[in-house]
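> Below you will find the structure I want to go over with you.
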Amino acid sequence: MPVTKFLKRSRLFYGFINLAFNQYDSERVKSIGPDTAAAEWIVKNEGWIKGYGHATWIKDYNGLSSCYGPRFKLTHIHAVDIDITSGGCKYFDGLKHVVYIDLSDCVNIDDSGLSLICKNCWDTLEHLNIAGTSVSINGFELINEFKALQTLKYGKKLVTKNVSRHEKVIKKFNEGNFKDIEVVD
């Protein structure tokens, strides 16, 4: 089989796997709660999580045993360069305690994913990294909806493609409580 045909087939197969791992399961959310379901989703996709009262990051699926029960509250999500999608961001529904999200280099996160995060974490999120995602200037403007945001990191491509809109968003940021805004490569 030619290499190009093999790569095309493997990408197609990988796309199906990625879709399956990001499929929102409403029945699972109802049975274990939104915080635990979101924690499972992130860890299943090779991300890390922390919950309220947890000092260390949970990095593997076996470590999730401490996350089951109504007292678990997801507070930190470290999803650097993993294959979560905007469709999977439906798992943010019902999350009320998330203060830290690092989505850097998650190329499948776009405006719709950021919109779902904003809809659910607008009043608690303090740190957000969207550098290397597919968030456009339209999604970037949603950042103003985060009322507790103190640290924001994003990529240069948002600045270079839309200078005037970017300047307006940053001006509005500066009127808020933001402590640290960083543009990264």
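The values are calculated or read from the model by the stated rules, or taken from the named source; none is laboratory data. All values derive from a computational prediction rather than experimental measurement. Using ideal geometry, Cβ is built from the backbone for each residue, glycine included, and neighbour counts are taken over all protein chains shown.
> Can you name every residue in the range 152-168 that is among the polar types (S, T, N, Q) and surrounded by 16 or more Cβ atoms within 10 Å (Cβ to Cβ)?
Within the range 152-168, Asn162 is the sole residue that qualifies.
Listed here are the residues, each with its yes/no results for (1) within 20 Å of the chain's Cα centre (by Cα); (2) surrounded by fewer than 14 Cβ atoms within 10 Å (Cβ to Cβ); (3) at pLDDT below 90.
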{"site": "Pro2", "(1), (2), (3)": "no, yes, yes"}
{"site": "Lys8", "(1), (2), (3)": "no, yes, yes"}
{"site": "Tyr14", "(1), (2), (3)": "no, yes, yes"}
{"site": "Ser26", "(1), (2), (3)": "yes, yes, no"}
{"site": "Gly47", "(1), (2), (3)": "yes, no, no"}
{"site": "Tyr52", "(1), (2), (3)": "yes, yes, no"}
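> Next question, about the same structure. From the residues in the range 17-60 that are part of a helix (DSSP H, G or I) and either without any contact (Cβ under 8 Å) to a residue 12 or more places away in the chain or of a type in the set (Ser, Thr, Tyr) (or both), which one is farthest from Val98 (Cα to Cα)? Spell out how you get there, then give the answer.
We begin by selecting, within the range 17-60, every residue part of a helix (DSSP H, G or I); these are 17-21, 26-32, 34-44.
Subsequent filtering for residues that are either without any contact (Cβ under 8 Å) to a residue 12 or more places away in the chain or of a type in the set (Ser, Thr, Tyr) (or both) retains 17, 20, 26-27, 30-31, 36.
Numbers: Ile17: 27, Ala20: 25, Ser26: 20, Glu27: 22, Lys30: 19, Ser31: 20, Thr36: 12 Å.
My answer is Ile17.
> Still on this structure: Looking at (1) among the small types (Gly, Ala, Ser); (2) assigned to a loop (DSSP other than H, G, I, E, B); (3) without any contact (Cβ under 8 Å) to a residue 40 or more places away in the chain, can you tell me which one Gly63 breaks?
Here Gly63 meets the rest and fails (2).
> Let me ask another. From Ser104, Ser164, Ser136, Ser115, which residue is small (Gly, Ala, Ser), at pLDDT 95 or above and either touching a strand residue (DSSP E or B) at 6+ places or on another chain (Cβ under 8 Å) or farther than 22 Å from Ala37 by Cα (or both)?
Ser104 is the lone residue from the list that is small (Gly, Ala, Ser), at pLDDT 95 or above and either touching a strand residue (DSSP E or B) at 6+ places or on another chain (Cβ under 8 Å) or farther than 22 Å from Ala37 by Cα (or both).
> Here's a follow-up. Can you name the residue in the range 102-155 that is touching a helix residue (DSSP H, G or I) at 6+ places or on another chain (Cβ under 9 Å) and acidic (Asp, Glu) and, of all such residues, is nearest to Asp81 (Cα to Cα)?
Once the filter is applied, the top-ranked residue is Asp110.
> For the range 78-93, indicate whether the set of residues that are basic (Lys, Arg) and under 14 Å from Ile42 (Cβ atoms) is non-empty.
yes
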